[in-house]
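The values are calculated or read from the model by the stated rules, or taken from the named source; none is laboratory data. Computed from a prediction, not measured in an experiment: that's the story for all the values here. Here the Cβ positions follow ideal geometry from the backbone for every residue, glycine too, while neighbour counts run over all protein chains shown.
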Amino acid sequence: MEQVKLKAPNIFNSDVELATRVALILSSMEGEKFDIDELVLLDYALLYSSEFNGPSNLHPAVPNHLAEIAQRRELLPKSILFFIKKGLIDVRYDENGKSFCANENTNSFVSCLNSSYFIKIWERLSWLSENYDRIIQIPIMELRKGV
């Protein structure tokens with residue numbers, strides 16, 4: 001009899017989790033658009049804000065968590081595409097390439113997120129929206145040294 005291997009669902013950094021955080025970031029920065037690399041860095045800064053001289057980390061800092069940037073860079077395009085297909089994130093094309101922004105549906109969706117986890121995210125988004133210019137300019141190699 002042939003064995004069937006079931007793939008366990010990825011409960012951390014799932015498409016929905018990643019896209020939801022991106023939707024929150026885009027919604028909090030009304031009128032701004034970001035490319036995929038900027039969103040990867042902003043999502044990382046949202047979770048590990050203390051490393052950017054911000055509020056305490058949302059997620060505990062595990063060893064080698066900087067490697068999450070590479071994983072997130074791989075997973076984020078599919079996650080964003082999922083929300084684009086649902087009408088929750090807009091894509092824009094210009095001379096700089098592809099970027100992403102919030103729309104009315106994004107704002108309606110994120111306004112429903114009110115669990116204690118999302119309340120903590122909203123608190124950090126306020127800090128992130130005030131500091132994103134500085135954060136997206138940080139070379140990833142600089143993160144290894146500490147910001």
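List of remarks:
- Contacts under 9 angstrom Cβ, first residue in region 85-109 being more than 13 Å from Gly31 (Cα to Cα) and without any contact (Cβ under 8 Å) to a residue 12 or more places away in the chain, partner among the β-branched types (Val, Ile, Thr) and in a loop (DSSP other than H, G, I, E, B), 6 or more apart: none
- Region 91-147: number of residues that are within 22 Å of Lys78 (Cα to Cα), of a type in the set (Ser, Thr, Tyr) and at pLDDT below 95: 0
- Flag for Lys33 being out of contact with any strand residue (DSSP E or B) (no Cβ under 8 Å at 6 or more places or on another chain) and of a type in the set (D, E, K, R): no
- Taking (1) closer than 16 Å to Arg124 by Cα; (2) over 14 Å from the mean Cα position of the chain (by Cα) in turn, Ser49 satisfies each apart from (2).
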